[in-house]
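One structure is given here, and the rest of the page talks about it.
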Amino acid sequence: MTIKLSSTESVQNFFKEVSGFNNDQGSQRMKKLVNRILIDTIKIIEDMEVTTEEFWKAVDYLNRMGARGEAGLLVAGLGLEHYLDLLLDAQDEQAGLTGGTPRTIEGPLYVAGAPLSEGETRMDDGTDAGTVMFLQGQVKDVDGKPIAGAIVDLWHANTKGTYSYFDTTQSDYNLRRRIVTDSEGRYRARSIVPSGYGCPPEGTTQEVLNLLGRHGNRPAHIHFFISAPGYRHLTTQINLSGDEYLWDDFAYATRDGLVGDIRFIEDAVAAKARGLDGERFAEIDFDFQLQSAAAPAQEQIRDRVRAEA
């Protein structure tokens, strides 16, 4: 018979002391959170009959995950980051907020401070021999009115599935740019078609996914922050059509309304008109719709620790 101590007064009081309830210092919010985490943890130990060996194996895992910096990857793979989006969606629905481009996960690979351009930009540094991609669209409000002066902050992987800053072989801010929309709310970018990628096969995230019988692959995708004065900040991404993992994304980022229809064109004349020497290139058109902000705080990006180059 499993022994359960979590509900006893002595253990409850012990973890209140551990959580700092017996002093007036520190953060009351943190005390409540830590106490809840501790109580829920010991209940899991009891209910699942976690052995001492399993417990210390979990501690070792946390140490190894932290050393590899894979916490952000793990929360995506376990669906926790997607759950936060579902929770925000439910809050919006409860508040009667509808319309606009769907949100989806940010992921752990954003880097602040990308070069800012007016209207259009080139994102790649020319060293990757991938297929040239032309991405364009409009930023509008929910009624379809163009939003001039919006900032389209976008980033994506190279043809090896790696990101600048985290992949130190790439130049600074390669495949990372910010674009200010023109008077018609339009943005245009020349880049290369990104590749999908998988979790590091030797990493701690894939270690867990293997035990769950799951793969760790993502489809090719492009991340976006869209912001404009008077409108709610949008964190989203588009996953590219035709990818093997389009609807089987280990990070659960693919959502209806967020599939980018990529068109591959083999036409030497059209390529020359685009200023290209070859004949094959790709095009994507994707528009965004922003909801109006009810308060200035909604215009801002959500606060979290992010990389800065």
Going residue by residue through the stretch 49-58, is there one that turns out to be surrounded by 12 or more Cβ atoms within 10 Å (Cβ to Cβ) and among the β-branched types (Val, Ile, Thr)?
yes
Just for the stretch 73-100: of the residues that are in contact with an Asp or Glu (Cβ under 8 Å, 6 or more places away or on another chain) and modelled with pLDDT of 95 or more, which one is surrounded by the fewest Cβ atoms within 10 Å (Cβ to Cβ)?
Val75
Filter result (basic (Lys, Arg) and under 16 Å from the mean Cα position of the chain (by Cα)) within the stretch 237-266
Arg255
For residues in the stretch 172-184 being over 13 Å from Ser227 (Cβ atoms) and not basic (Lys, Arg), which is surrounded by the fewest Cβ atoms within 10 Å (Cβ to Cβ)?
Ser183
Determine, yes or no, whether His233 is crowded, with 21+ Cβ neighbours inside 10 Å and under 16 Å from Thr101 (Cα atoms).
no
Between residues in the stretch 8-36 that are in contact (Cβ under 8 Å) with a residue 12 or more places away in the chain and residues that are assigned to a helix (DSSP H, G or I) and hydrophobic (A, V, I, L, M, F, W, C), which pairs lie under 7 Å by C-beta distance while being six or more apart or on different chains?
Phe15/Leu38; Phe15/Ile39; Val18/Leu38; Ser19/Val34; Ser19/Leu38; Asn35/Phe15
Residue under evaluation Gly96, criteria (1) in contact with a strand residue (DSSP E or B) (Cβ under 9 Å, 6 or more places away or on another chain); (2) at positive phi, criterion not met:
(1)
Which members of the stretch 62-71 meet the condition of being out of contact with any Leu (no Cβ under 8 Å at 6 or more places or on another chain) and buried (at least 18 other Cβ atoms within 10 Å of the Cβ)?
Glu70
Hand me the list of helices (runs of 4 or more DSSP H) wholly inside the stretch 23-100 holding 2 or more residues that are under 22 Å from Ile3 (Cβ atoms).
28-47, 52-68
Residues of the stretch 251-302 being in a helix (DSSP H, G or I) and closer than 24 Å to Ala129 by Cβ, which ones?
Ala268, Val269, Ala270, Ala271, Lys272, Ala273
Within the stretch 208-247, residues touching a residue at least 12 places away in the same chain (Cβ under 8 Å), under 24 Å from Leu78 (Cβ atoms) and part of a loop (DSSP other than H, G, I, E, B) come out as Arg214, His215, Gly216, Pro219, Ala220, Asp243, Glu244, Tyr245, Leu246
In this structure, does Arg274 turn out to be of a type in the set (Lys, Arg), touching a residue at least 24 places away in the same chain (Cβ under 8 Å) and surrounded by 19 or more Cβ atoms within 10 Å (Cβ to Cβ)?
no
Need pairs with beta-carbon distance below 9 Å; first residue not assigned by TED's automatic domain parsing to the domain that holds Asp243 and surrounded by fewer than 20 Cβ atoms within 10 Å (Cβ to Cβ) and within the stretch 149-163, second modelled with pLDDT of 95 or more and in a strand (DSSP E or B); sequence gap 6+ or separate chains.
none
Test: residue in the stretch 131-141 that is closer than 22 Å to Thr235 by Cα and in a loop (DSSP other than H, G, I, E, B):
no
Let me confirm something: among Phe264, Phe250, which residue is touching a residue at least 12 places away in the same chain (Cβ under 8 Å) and either buried (at least 16 other Cβ atoms within 10 Å of the Cβ) or of a type in the set (Val, Ile, Thr) (or both)?
Phe250
Taking first residues from the stretch 169-194 that are at positive phi and second residues anywhere that are among the aromatic types (Phe, Trp, Tyr) and not in a loop (DSSP other than H, G, I, E, B), the pairs with Cβ under 7 Å that are 6 or more apart or on different chains are Leu175/Trp155
Just to verify a result, which residue in the stretch 277-286, among those that are within 26 Å of the chain's Cα centre (by Cα) and surrounded by 15 or more Cβ atoms within 10 Å (Cβ to Cβ), is nearest to Asp182 (Cα to Cα)?
Phe286
I'd like to know if the stretch 287-308 contains one or more residues that are among the aromatic types (Phe, Trp, Tyr) and surrounded by 13 or more Cβ atoms within 10 Å (Cβ to Cβ).
yes
Got at least one residue in the stretch 117-125 being more than 25 Å from Ala295 (Cα to Cα), in a strand (DSSP E or B), in the same structural domain as Gly230 (by TED's automatic domain parsing) and within 15 Å of the chain's Cα centre (by Cα)?
no
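The values are calculated or read from the model by the stated rules, or taken from the named source; none is laboratory data. Quick caveat: nothing in here was measured; it's all calculated off a predicted structure. We place every Cβ from the backbone using ideal geometry, glycine too, and count neighbours over all the protein chains shown.
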